[in-house]
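> Below: one structure in structure tokens.
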Amino acid sequence: MKQIDRPPTARAAVEYQRPAPQVKSPWYAVTVAIMIVGYAGYYLCRSDLSVARPLIIDQYKSIGITKAFIGDFTALATLFYAGGKFLFGSTADVVGGKGMFMLGMAGAIAFSILFGVGGPPLFLLAWCGNRFIQSSGWVGMVKVTSRWFGHSTYGTVMGLISLSFLFGDFASRQFLGFLIDRGWGWQQIFYISAGVLACIFIPSLFLMKEKPSDRNLPEPESNPDSVFAVHDADAQKKSLKELILPLFTSPSFWVVCLLSFGFTFMRETFNDWTPTFLHEVAKMSEGDAAKASSYFPLFGGISVIGVGYLSDRLKRGSRAAFIAIGLALSTAGLLFLAYGNFGGDSTLYVAVVAALAFVLIGPYSFLAGAISMDFGGKQASATAAGWIDGIGYLGGILSGKLIGDVAEKSGWQPAFVILAIASFISCLVAVGYLVQERRRLVTA
């Protein structure tokens, strides 16, 4: 009998049957392209605060707008983002992924405008609202992807879709840094971000479809290793209990949630603080620091493509191995960033940040992407992604609050030591997860 707690990567070879070839149609590529471009647009309305932060601090430091203050309200906003993941994940599994994806895009436009118009009195409201509504976007995409693509391609397809938040972040920082270099103020940065996303929203609304059958195309088989193990392509769980109970009774699911906590703590630190760190420590201008920070998502994107492709083609359990190796290398890199002798070379600072992205972001992308769909299949992929990502962003709260406070009071070296400790602890968890996966593969 198939055990419901067997992790998705522990599929017995005798159970595995290669699915029928995907029907060739341009709509599969169009659907992926819409999600990549659309979610990349989300990042214009997310990276804007990161790149504009030095400008905001310089303008309003006389009234108490400091790194610690911004760290406080970004931490609170991350809490709203995490809460939205839990809510919108299950909502997407019930009402569909497209609606959630469009909702996040429309909300990001509105709240970005509010942030610019309102100024300091509305910073907290606007940024918390922006982060909360944007949390519907990723889970919506996971739901749509689980309906359009078969389980044997989860790693590759989610690797491509993950380029949206990596190359999108890269392009956003380059574009917004270019504007800052030419004298645009922080308010104009927010308005332009909202305007570009609005131009993406309109065609996406009409071109995106919830599932292949909406284009008269066949849907792929369900994942036989999801914790639901339901093979009816149209089967949908009717209640919240039916969506979450199989996930909550899987110990492997909670281990992945714990890994997400550690990964997101590190990733959000670099997302939020890299421009400020490069400006203060590497002595780069605000515009150059904003553009240089884009190398973190750029090299992360290269990593995502590589590990996603390889994980679909290597033996089962390879995703756990990539996670453990990536965390081991990131621990060493963070210690070097804390204690290395850079001699004032800004290029070396940027190179180390890019290398950390390469070893961290590819493995990180598995958690709320391919592994979530492995667990949830068509029935609860968005719920799985919502909980894994939501718990991860509870770790992201620390990056706003803890790292901001430490950097303000003690400098950046102890901040990176804290990140190295978090990476090491996560690595130990990942090694345990890898051993567990290998044992299950042997006994499956």
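> Can you report the number of residues in the stretch 321-350 which are among the hydrophobic types (A, V, I, L, M, F, W, C) and touching an Asp or Glu at 6+ places or on another chain (Cβ under 9 Å)?
Count: 1.
> Could you look through the stretch 95-108, keep only residues that are surrounded by fewer than 24 Cβ atoms within 10 Å (Cβ to Cβ) and either hydrophobic (A, V, I, L, M, F, W, C) or more than 18 Å from Ser381 (Cα to Cα) (or both), and pick out the one that is modelled with the lowest pLDDT?
Val95
> While we're looking at this one, here's another question. Exactly one condition in (1) without any contact (Cβ under 8 Å) to a residue 60 or more places away in the chain; (2) open to solvent by less than 10 Å² (accessible area, probe 1.4 Å) is false for Ile403; which is it?
(1)
> Please verify whether Phe322 is open to solvent by 10 Å² or more (accessible area, probe 1.4 Å), aromatic (Phe, Trp, Tyr) and modelled with pLDDT of 90 or more, treating the condition exactly as stated.
Criteria met by Phe322.
> Do we have Ile202 as open to solvent by 70 Å² or more (accessible area, probe 1.4 Å) and either in contact with an Asp or Glu (Cβ under 7 Å, 6 or more places away or on another chain) or among the β-branched types (Val, Ile, Thr) (or both) here? Quick ask: steps written out before the conclusion?
Details: open to solvent by 70 Å² or more (accessible area, probe 1.4 Å): yes; either in contact with an Asp or Glu (Cβ under 7 Å, 6 or more places away or on another chain) or among the β-branched types (Val, Ile, Thr) (or both): yes.
Criteria met by Ile202.
> I'd like to verify a number: residues in the stretch 334-344 that are open to solvent by 20 Å² or more (accessible area, probe 1.4 Å) and touching a residue at least 24 places away in the same chain (Cβ under 8 Å), how many?
3
> Within the stretch 410-437, restricting attention to residues that are within 15 Å of Val255 (Cα to Cα) and open to solvent by 30 Å² or more (accessible area, probe 1.4 Å), which residue is modelled with the lowest pLDDT?
Within the stretch 410-437, the match that is modelled with the lowest pLDDT is Gln436.
> Taking the conditions exactly as written (at pLDDT below 95, within 26 Å of Lys209 (Cβ to Cβ) and open to solvent by less than 20 Å² (accessible area, probe 1.4 Å)), does Ala92 satisfy them or not?
yes
> One residue is enough: does the stretch 351-370 have a residue meeting the conditions open to solvent by 10 Å² or more (accessible area, probe 1.4 Å), more than 18 Å from Leu334 (Cα to Cα) and more than 21 Å from the chain's Cα centre (by Cα)?
No, the stretch 351-370 has no match at all.
> Could you list, in sequence order, the residues of the stretch 1-60 that are assigned to a loop (DSSP other than H, G, I, E, B), modelled with pLDDT of 55 or more and of a type in the set (A, V, I, L, M)?
Once the filter is applied, which keeps residues that are assigned to a loop (DSSP other than H, G, I, E, B), modelled with pLDDT of 55 or more and of a type in the set (A, V, I, L, M), the stretch 1-60 yields only Val23.
> Report, by residue number, each residue of the stretch 272-288 that is touching a Phe, Trp or Tyr at 6+ places or on another chain (Cβ under 8 Å) and buried (at least 24 other Cβ atoms within 10 Å of the Cβ).
Hits for the stretch 272-288 are Thr274, Leu278.
> Another one. Look through the stretch 120-165, keep the residues that are among the hydroxyl-bearing types (Ser, Thr, Tyr) and surrounded by fewer than 23 Cβ atoms within 10 Å (Cβ to Cβ), and return whichever of them is farthest from Phe270 (Cα to Cα).
Ser152
> Check whether at least one residue in the stretch 214-223 is modelled with pLDDT of 80 or more, assigned to a helix (DSSP H, G or I) and open to solvent by 30 Å² or more (accessible area, probe 1.4 Å), and report yes or no.
yes
> Could you tell me whether Phe296 is assigned to a helix (DSSP H, G or I), of a type in the set (Phe, Trp, Tyr) and closer than 15 Å to Thr269 by Cα?
yes
> Are any residues in the stretch 38-82 small (Gly, Ala, Ser) and open to solvent by 30 Å² or more (accessible area, probe 1.4 Å), and if so, which ones?
Ser62, Gly64, listed by residue number.
> Answer with yes or no whether Phe111 is part of a helix (DSSP H, G or I) and free of Cβ contacts under 8 Å to residues at least 12 places away in the same chain.
On the way: part of a helix (DSSP H, G or I): yes; free of Cβ contacts under 8 Å to residues at least 12 places away in the same chain: no.
In short, no.
The values are calculated or read from the model by the stated rules, or taken from the named source; none is laboratory data. None of the values given here were measured: they were computed from a predicted structure. Using ideal geometry, Cβ is built from the backbone for each residue, glycine included, and neighbour counts are taken over all protein chains shown. Just the protein is used for accessible areas: all its heavy atoms, side chains included, with ligands, DNA and RNA removed. Shrake-Rupley method; radii C 1.70, N 1.55, O 1.52, S 1.80 Å.
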